[in-house]
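> After the structure tokens below, expect a handful of questions from me.
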Amino acid sequence: MAREGLRTLVVGKKVLTEEQYTGFETRLRQARLSVTDREEQVAGVISSLEEGLQLLCLTGVEDQLQSDVRPTLELLRNAGIRVWMLTGDKLETAASIAVSSRLVSRAQTLFTFKQVSSRSEAHSELNGFRRKSESALIISGSSLELCIKHYEQEFIELACQSPAVVCCRCSPTHKAQVVRLLQQHTKRPVCAVGDGGNDVSMIQAANVGLGIVGKEGKQASLAADFSITQFRHISRLLVWHGRNSYKRSANLSQFVIHRGLIISVMQAVFSAVFYFAAVALYEGILMVGYATVYTMAPVFSLVLDEDVSPDIALMYPELYRDLMKGRSLSLKTFFLWVLISLYQGGVIMLLGFLLFEGQFVHVVAITFTSLILNELLLVALTIRSWHGLMLLAELLSVVVYILSLLVLKDYFDGYFLLSVEFVWKTLLILCISCLPLFLGKFLRHFCAPPSYAKLLKENSMFRNCCKFVC
């Protein structure tokens, strides 16, 4: 029955005399009050009673897999995610579920780690598994605990090389211990998925906990970082929402750094030109406006950016694999944004001085206007898909800035702002500041396009071909 994937249960009975029950109750109470080794003593007292039972029956309950478990596991593997199965079921049941769910393919061999009770036996089994490291591993909780105790580093290295790992007869402590070991030895984030109360410790120990609301209650769901109702929802949560969250956060964080660094570069250039005099380039409401109403809305429109559609992200989970290379957020991208800030801040400030005509207010007007328009244009160049909210935020920011130019007469010369000279000087600075970025993005799109751009192009060609055939 266990080999067929059923969850088995043996039912038995034992008749106790009053003296036997009184003695058992006394020993159990003493074990529960013990200060040391309480769990072991309680287990010993209970096991002493579970002897000589009269067999009544044997039950087998079918615990059917949820819908789309097989394609979900296949998608996770294609996305570069390694999947381990930690369960409290017996070995035969766990092996049957692993095969039926396609966690272990039928073409793969399954290496069953024998039940070991000594260090030498564990070493012998590890040597046997080393010769078959391409096989999927199935190991019981007691053998797992012994291997971790004596051969922690060796076991984790071998297990991580295996295409799939199944740990059966695992207690909640074993599950949490495995999660912490993976975090410690692989230095990579671990996501734990569970649907029962015995998965709570594992979910809380993981970097990201996913709780499935099911028949076993909401304990796992309440303890998790994210709650879902079906196992198949993991694919959309990770491949679509998780990928977008990472890429959006990377762009937003680096853009916010750029927004603060570019104005610092401009202030540094201004101070250097005036022999490091303690004079602020922009004062009062200009600094407040730059940090809030002028540029904040378009910048935060980056959190709605999408490079591909949900269907393409789920169709090509290999896009998720690119995130593991850290290309969106790395030292390379950080220094690239620093270089952009240095270039644009220097260009805006130096050209502002070259076009200076003897009044300080003209420098402030030209450079500040160029700075605001530069940030708005850079958002449009950075974002991968233009959407209505982004365009609305850009338009409102420009309108608010133009209206403020007419109101802030203490900072700007109204007659100069309405002149053709102001317009062409500002546009000249803006072109020189943003043109290299535009050319770089244009050349990269054609010479070394990212994966999502290739997929979008192929998908567009496929749709056009289908229309032509029809």
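> Points 7 angstrom from Cα along the Cβ direction at Leu428 and Ala43: gap in nanometres?
With each label placed 7 Å out from Cα toward Cβ, I get 8.2 nm.
> Take the Cβ-Cβ distance between Leu392 and Gln184 as r, set R0 to 51 Å, and report the resulting FRET efficiency rounded to the nearest 0.05.
The pair Leu392/Gln184 has a calculated efficiency of 0.60.
> Mind jotting down the three principal axis lengths of segment 241-469 based on Cα atoms? Whole angstrom, largest first.
65, 37, 29
> Against the 2.2 N^0.38 Å scaling, with N counting residues, where does the chain land? I'd like the Cα-based Rg ratio to two decimal places.
1.41
> Shifting gears a bit: Cα axis of helix 141-161 to longest principal axis of the chain: angle in degrees, 0 to 90, nearest 10?
40 degrees
> Something else now. Using only the Cα atoms of segment 1-122, build the gyration tensor, take square roots of its eigenvalues as a ≥ b ≥ c, and label the shape rounded, prolate or oblate: rounded if a/c is under 1.5, else prolate if a/b is larger than b/c, else oblate.
The shape class here is prolate.
> Here's another thing I want to ask about it. Round to the nearest 10 and give me the degree value, 0 to 90, for the angle of helix 119-130's Cα axis relative to the longest principal axis of the chain.
Orientation of helix 119-130: about 60 degrees from the principal axis.
> Grab every C-alpha pair in segment 175-262, bin the distances at 5 angstrom width from 0 up to the longest one, and report whole percents.
Once binned at 5 Å, the Cα pair distances of segment 175-262 give 3, 15, 19, 17, 16, 13, 8, 5, 3, 1, 0.
> Next question, about the same structure. Fully extended, how many nm does the chain gain between Lys325 and Lys14 (0.36 nm per residue separation, minus their Cα-Cα distance)?
That pair, Lys325 and Lys14, stretches by 105.9 nm at full extension.
> Which log10 I(q)/I(0) values does segment 190-314 give at q = 0.16, 0.18 Å⁻¹ under the Debye formula, counting every alpha carbon as one identical point scatterer?
Log-scaled intensity ratios, in q order: -0.86, -0.96.
> With the Cα gyration tensor of segment 69-236 in hand, convert its eigenvalues to equivalent ellipsoid semi-axes via √(5λ) and list them largest first in whole Å.
So the three semi-axes of segment 69-236 are 25, 18, 15 Å.
> In debye, nearest 20, what is the charge dipole magnitude of the chain about its Cα centre with +1 on Lys and Arg Cβ and -1 on Asp and Glu Cβ, if you could check?
1060 debye
> OK, next. How large is the dipole of segment 206-350 about the Cα centre if only Lys and Arg carry +1 and Asp and Glu carry -1, each at its Cβ, rounded to the nearest 20 debye?
Once rounded to the nearest 20, the dipole reads 360 debye.
> Rounded to the nearest 0.05, what FRET efficiency do Gln30 and Ser100 give with R0 = 35 Å and r taken as the Cβ-Cβ distance? Could you check?
Calculated value: 0.15.
> Classify segment 59-141 as rounded, prolate or oblate, taking a ≥ b ≥ c as the square roots of the eigenvalues of its Cα gyration tensor: rounded when a/c is under 1.5, otherwise prolate if a/b is larger than b/c and oblate if not.
It is oblate, given that a/c is not under 1.5 and a/b is not larger than b/c.
> While we're looking at this one, here's another question. How far is helix 172-186 tilted off the main Cα axis of the chain, in degrees rounded to 10, range 0 to 90?
Relative to the chain, helix 172-186 is tipped by roughly 40 degrees.
> Among Lys13/Lys114; Lys149/Lys215; Lys187/Lys325; Lys149/Lys325; Lys90/Lys175, which pairs are too far apart, with a Cα-Cα distance over 24 Å?
Lys13/Lys114; Lys149/Lys215; Lys149/Lys325
> Right, next: Taking every DSSP beta bridge with both residues inside the chain, roughly what % is antiparallel (nearest 5)?
In the chain, approximately 35 percent of DSSP beta bridges are antiparallel ones.
> Please state, as a whole number in µm²/s, the translational diffusion coefficient that the Stokes-Einstein equation yields for segment 11-57 at 20 °C and 1.002 mPa s, with Rh defined as the Kirkwood radius across alpha carbon pairs.
185 µm²/s
> Please state the shape class of segment 358-404: rounded when a/c is under 1.5, otherwise prolate if a/b exceeds b/c and oblate if not, all from the C-alpha gyration tensor.
Oblate shape, in that a/c is at least 1.5 and b/c is the bigger or equal ratio.
> If R₀ is 22 angstrom, what is the calculated FRET efficiency for the pair Leu354 and Glu283, using the beta carbon separation as r and rounding to 0.05?
Once rounded, the FRET efficiency stands at 0.45.
Each reported figure results from applying straightforward, stated rules to the coordinates on display, with no laboratory input. These numbers were taken from a predicted model, which means no experiment stands behind them. Neighbour counts run over all protein chains shown; Cβ positions are idealised from the backbone, glycine included.
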